[in-house]
Amino acid sequence: MSDNSEQTRAQRREMPEPYESNFPAPWYVIVFVAGLFIWAVGYIGMAYRDAPSSLGDHRVAADFVVAKAAPGAAIDGGQIYTSHCLACHQATGQGLPGVFPPLAGSEWVDGKASTTIQIVLHGVEGALTVKGTTYRGQMPTFKDQLDDGQIAAVVSHIRASFGNSAGAVTADEVKAERERTKDHTAPWNGDAELNPFK
């Protein structure tokens, strides 16, 4: 009998096991989260989407349009650079440190024209060393986006800008390089595949 009464007293001393009710989160937390969600939806819905270009890098939609040149007219390599290259390599051609390589003073730009053409045609992925620094970004392929004249114009532009003084290239040179590597379908594998082009 005493053993049972001692056991009963011991059980009474114990706290009940914790359990969750139907609303485990406090009501004020639920109200706060719901209010925050409603505010976020309203904020997005009323946000001003037509911000003036002066808040950005001063480019407008027209800067991204590359018009086809009339037959016999010169193609603006600077415009092509602005619409396709500037975001990564920047207006100064200095690139973004550790992310996108510079074009200014780059051995790949100042070197053989055929090498620069191949890089623009097929793009690059993997480790690429520029001015002693290794970059591991990815450059897109432009062979299907730009024709021979446009590639010649943009390559000529970067080879004569940002302090570079390499010669211009022609659409015929681009056509020859395109034909020479027409079976190459993937981007060049950085230094491993491009060093032989130097």
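The values are calculated or read from the model by the stated rules, or taken from the named source; none is laboratory data. Predicted model, so just to flag it, every value in this text is computed and none were measured. Heads up, the Cβs are rebuilt from the backbone with ideal geometry, glycines too, and the neighbour counts pull from every protein chain shown.
Structure data summary
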| read-out | value |
| --- | --- |
| Pairs with Cβ under 8 Å, 6+ apart, first in region 75-103 and within 14 Å of Ala160 (Cβ to Cβ) and assigned to a helix (DSSP H, G or I), second hydroxyl-bearing (Ser, Thr, Tyr) and modelled with pLDDT of 90 or more | Gly77/Ser156 |
| Criterion violated by Cys88 - all others in (1) out of contact with any strand residue (DSSP E or B) (no Cβ under 9 Å at 6 or more places or on another chain); (2) at pLDDT 65 or above satisfied | (1) |
| Some residue of region 157-179 being over 23 Å from Gln79 (Cα atoms) and free of Cβ contacts under 8 Å to residues at least 60 places away in the same chain | yes |
| Residue ID - surrounded by the fewest Cβ atoms within 10 Å (Cβ to Cβ), chosen from residues in region 120-144 that are under 16 Å from Ala186 (Cβ atoms) and out of contact with any strand residue (DSSP E or B) (no Cβ under 7 Å at 6 or more places or on another chain) | Asp144 |
